[in-house]
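The values are calculated or read from the model by the stated rules, or taken from the named source; none is laboratory data. These numbers were taken from a predicted model, which means no experiment stands behind them. Counting neighbours? That spans all protein chains shown, and the Cβs are built from the backbone with ideal geometry, glycine included.
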Amino acid sequence: MRDSDVDLYTFERLRDEFGPFTPGESPDGLGHAERDLIGSRYREILREITAIVSYQWREHMERSALKGFLFHGGVGVGKTAMGKRLTYELCRRFGDNGMAGRNSDEVVMVLVDGADVARGRYGDTEEQIREIFKYARDGQSGGHHRHDNDPKRRTIILFDDVESLFLTRHSVGAKEWHFSQNSIFFHSIDDLDTAHTAVILTTNRIDLVDEAIVDRFLSYEFSAPPVSVLEEVARDKGKLQRLQESDLQPILNVIRTPGAVKSIREIERMVMRAYVEKLLNVP
Ligand SMILES: Nc1ncnc2c1ncn2[C@@H]1O[C@H](COP(=O)(O)OP(=O)(O)O)[C@@H](O)[C@H]1O
Ligand SMILES: [Mg+2]
């Protein structure tokens with residue numbers, strides 16, 4: 001597997017998404033990015049998971065029982081975004097921040113779409129899972145020659161929307177291949193070099209996830225964000241589209257209707273619609 005075969009998030013790609021870090025550190029020890037995640041609950045989760053991975057990487061905890069995190073909750077509430085933001089934070093702490101040469105100590109994230117792997121989109125599912133872990137361990141095959149003093153690349157592997165991939169053994173309709181897929185997965189997970197790697201799983205079907213996964217990962221529930229967070233997201237995304245407060249008013253009204261909006265993705269769509277309507281109405 002090569003870098004171009006995977007959905008690879010490098011420091012540069014994450015900087016494009018979150019914007020550069022502003023100089024200095026916040027009191028919570030985290031960096032502050034220009035387009036950072038909004039909401040204190042997100043900040044708190046980021047602080048915890050950063051502390052855990054940083055510890056395992058810094059203290060060379062190669063065989064930790066804790067393999068990573070399981071993010072569960074509804075659609076569009078920031079599970080995948082949190083995985084990216086964690087990686088960006090780890091780039092800030094461990095990586096070269098884009099300043100040094102490309103071969104030096106570096107942090108990347110590999111985003112694996114659970115549904116793609118389950119469908120066998122890239123070939124045999126089990127082989128695919130094996131290859132992903134091998135890639136995370138060794139870097140790209142046929143890549144540049146590694147010298148002994150070349151620091152090893154550190155990797156976050158994000159298995160996104162895993163419900164189709166790791167059905168519980170008790171669920172109705174669980175098929176044989178889920179068992180053997182699980183065993184490849186568990187073998188790779190139990191073998192994971194936790195001093196250089198961490199795995200994140202996301203799902204909106206926590207009820208379907210295998211118990212053995214729950215045992216190896218620290219779970220975080222992502223619930224629907226509070227109104228105050230949704231409002232701030234609307235203003236933030238609105239500002240990027242140069243919308244005025246008056247343009248956003250209808251959206252803010254919807255947000256304040258109890259139970260009307262359950263995800264951040266819905267806010268993004270509403271802001272986009274308001275933007276298009278505004279520009280189409282300009283004479
Ligand atoms: N805390 C947050 N602040 C600002 N934007 C966010 C936040 N959480 C998620 N988003 C944005 O909302 C959208 C949906 O988030 P995503 O991570 O894809 O949700 P999920 O993986 O839970 O389905 C993305 O565009 C993401 O960047
Ligand atoms: Mg997602």
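Looking at the structure I just gave you, is Arg216 within 13 Å of ligand 1 (Cβ to nearest atom) and closer than 26 Å to Tyr88 by Cα?
Judged against the criteria, Arg216 is not a match.
Could you look through region 225-265, keep only residues that are within 22 Å of Gly19 (Cα to Cα) and charged (D, E, K, R), and pick out the one that is nearest to the chain's Cα centre (by Cα)?
Arg265
Looking at region 49-76, which of its residues are within 16 Å of ligand 1 (Cβ to nearest atom), closer than 19 Å to Asp36 by Cβ and more than 12 Å from the chain's Cα centre (by Cα)?
Matches in region 49-76: Thr50, Gly76.
Collect the residues in region 24-56 that are closer than 19 Å to Leu70 by Cβ and β-branched (Val, Ile, Thr), keeping them in residue-number order.
Ile45, Ile49, Thr50, Ile52, Val53
List, please: which pairs have Cβ atoms under 6 Å, are six or more places apart or on different chains, and start with a residue in region 140-167 that is over 21 Å from Gly76 (Cα atoms) and assigned by TED's automatic domain parsing to the domain that holds Tyr88 and end with one that is among the basic types (Lys, Arg) and at pLDDT below 90?
Gln140/Arg2
Restricting region 9-67 to residues that are without any contact (Cβ under 8 Å) to a residue 60 or more places away in the chain and of a type in the set (Lys, Arg), which is nearest to Asp190 (Cα to Cα)?
Ranking the candidates gives Arg58 first.
Identify the single condition in (1) hydroxyl-bearing (Ser, Thr, Tyr); (2) more than 16 Å from ligand 2 (Cβ to nearest atom); (3) in a helix (DSSP H, G or I) that Thr80 does not satisfy, given that it satisfies every other one.
(2)
Does region 76-103 hold any residues that are at pLDDT 95 or above and of a type in the set (Phe, Trp, Tyr), and which are they?
Listed by number, the list holds a single entry, Tyr88.
For Gly29, all conditions in the list (1) surrounded by fewer than 18 Cβ atoms within 10 Å (Cβ to Cβ); (2) within 15 Å of ligand 1 (Cβ to nearest atom); (3) part of a loop (DSSP other than H, G, I, E, B) hold save one; what is the number of the exception?
(2)
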